[in-house]
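The values are calculated or read from the model by the stated rules, or taken from the named source; none is laboratory data. Treat the numbers as computed from the prediction; the structure is a model and nothing was measured. Positions of Cβ are backbone-derived with ideal geometry, glycine not excepted, and every protein chain shown enters the neighbour counts.
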Amino acid sequence: MEGTVGVDIGGTRTRVGAVARGRILARRAFPTQGIAEVKDAIRAVMAEVGWARPGAIGVGAPAPMDMRGGKILGCPNLPHWNGVEVTRELGDAFACPVYLANDATSAAIGELVFGHRAHDFVYITWSTGIGGGVVSGGRVAWGATGQAGEVGHMVLDPDGPPCRCGKRGCLEAIAAGVGIARAARERLGERLSAREVVDRARRGDAGALAIVDEACRAMSQGIAILWEVLEPELIVLGGGLTGSWDFLGPKVLAAAHGLARTPVRVELTPLGDDVGLLGAAALPDHFPEEWRSG
Ligand SMILES: [Zn+2]
């Protein structure tokens with residue numbers, strides 16, 4: 001029995017890996033393009049590990065999707081993937097079952113299977129955008145159509161900055177990389193990456209520090225809401241901005257502790273950048289039975 005292939009499509013980078021028993025045996029990472037590049041990468045990792053075909057393929061993508069049909073729906077962030085029937089195309093190419101899910105939900109599966117292995121937790125990706133996945137009683141909470149866990153679009157301030165989703169004041173619009181960069185453009189008059197804003201704040205720049213403090217406060221509000229509503233054992237964070245956790249973490253935790261009634265436990269995923277890839281590879285085992293075709 002061969003292992004599975006995980007495909008983690010990110011807004012900027014795509015990761016593809018051949019995975020067996022929780023180990024990534026071969027991997028490729030490249031700037032996100034279309035499905036042709038993903039097929040090439042799958043062929044490359046299979047050749048490297050000597051598999052004739054994968055046991056199954058799991059794909060995580062940061063896009064609205066029809067999970068039953070395995071199709072990505074209109075997504076401005078991933079122009080090459082609009083309308084792509086992912087499960088049909090990859091299934092035809094590799095003659096194996098293929099499953100498609102939201103990338104942050106896939107990452108939550110990675111955390112469930114290979115991370116802290118808690119049974120009740122919320123996984124939050126804190127990166128260019130903010131996504132999430134909820135695990136309750138050891139099972140993924142998929143929601144009615146598989147879109148559960150969109151913690152980035154909790155509205156924290158209805159009069160706040162515009163969000164990519166069309167609303168205002170979403171957690172993502174305030175705290176994610178896109179929100180931090182926009183605040184820097186509007187308030188500091190400079191085009192800076194979120195990382196650059198955080199680095200300036202670290203050096204004591206007052207304008208940058210105010211933006212970062214607002215982002216951390218919004219993240220702490222989001223965490224406190226999830227903590228009270230779901231009573232998880234812990235909240236697990238991953239994503240690019242957690243690379244600055246030594247600076248951001250104390251701000252987030254201090255505020256979150258003040259907003260929740262019981263001590264909030266927040267941990268970084270021990271899987272680092274691989275959480276999404278490992279989760280995509282484990283998706284075939286966790287995909288909801290009723291949405292499996294054939
Ligand atoms: Zn939003």
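In the set (1) surrounded by 23 or more Cβ atoms within 10 Å (Cβ to Cβ); (2) away from the ligand (no atom under 16 Å from the Cβ); (3) among the hydrophobic types (A, V, I, L, M, F, W, C); (4) more than 22 Å from the chain's Cα centre (by Cα), the condition left unmet by Ala183 is number (2).
Keeping to segment 110-150, report how many residues are hydroxyl-bearing (Ser, Thr, Tyr) and part of a strand (DSSP E or B). Step through it out loud before you land on a result.
Quick first cut of segment 110-150, residues hydroxyl-bearing (Ser, Thr, Tyr) only: 123, 125, 127-128, 136, 145.
Next cut, part of a strand (DSSP E or B) only: 123, 125, 136.
So the count comes out to 3.
Confirm whether Ala175 is aliphatic (A, V, I, L, M), away from the ligand (no atom under 16 Å from the Cβ), at pLDDT 95 or above and surrounded by 15 or more Cβ atoms within 10 Å (Cβ to Cβ). Steps first, answer last, please.
Working: aliphatic (A, V, I, L, M): yes; away from the ligand (no atom under 16 Å from the Cβ): no; at pLDDT 95 or above: yes; surrounded by 15 or more Cβ atoms within 10 Å (Cβ to Cβ): yes.
So Ala175 fails the test.
May I ask you to verify whether Gly74 is crowded, with 18+ Cβ neighbours inside 10 Å, outside any strand (DSSP E or B) and not assigned by TED's automatic domain parsing to the domain that holds Thr145? In short, no. Just wondering, is there one or more residues in segment 188-195 that are in contact (Cβ under 8 Å) with a residue 24 or more places away in the chain, over 19 Å from Tyr123 (Cα atoms) and either away from the ligand (no atom under 16 Å from the Cβ) or in contact with a Gly (Cβ under 9 Å, 6 or more places away or on another chain) (or both)? Yes, some residue in segment 188-195 is in contact (Cβ under 8 Å) with a residue 24 or more places away in the chain, over 19 Å from Tyr123 (Cα atoms) and either away from the ligand (no atom under 16 Å from the Cβ) or in contact with a Gly (Cβ under 9 Å, 6 or more places away or on another chain) (or both). Out of the residues in segment 151-167 that are within 13 Å of Gln221 (Cβ to Cβ) and part of a loop (DSSP other than H, G, I, E, B), state the one that is nearest to the ligand (Cβ to nearest atom). Within segment 151-167, the match that is nearest to the ligand (Cβ to nearest atom) is Met154.
What about Arg117, is it within 9 Å of the ligand (Cβ to nearest atom), without any contact (Cβ under 8 Å) to a residue 60 or more places away in the chain and either within 19 Å of Pro270 (Cβ to Cβ) or touching a Gly at 6+ places or on another chain (Cβ under 7 Å) (or both)? So Arg117 does not fit the description; no.
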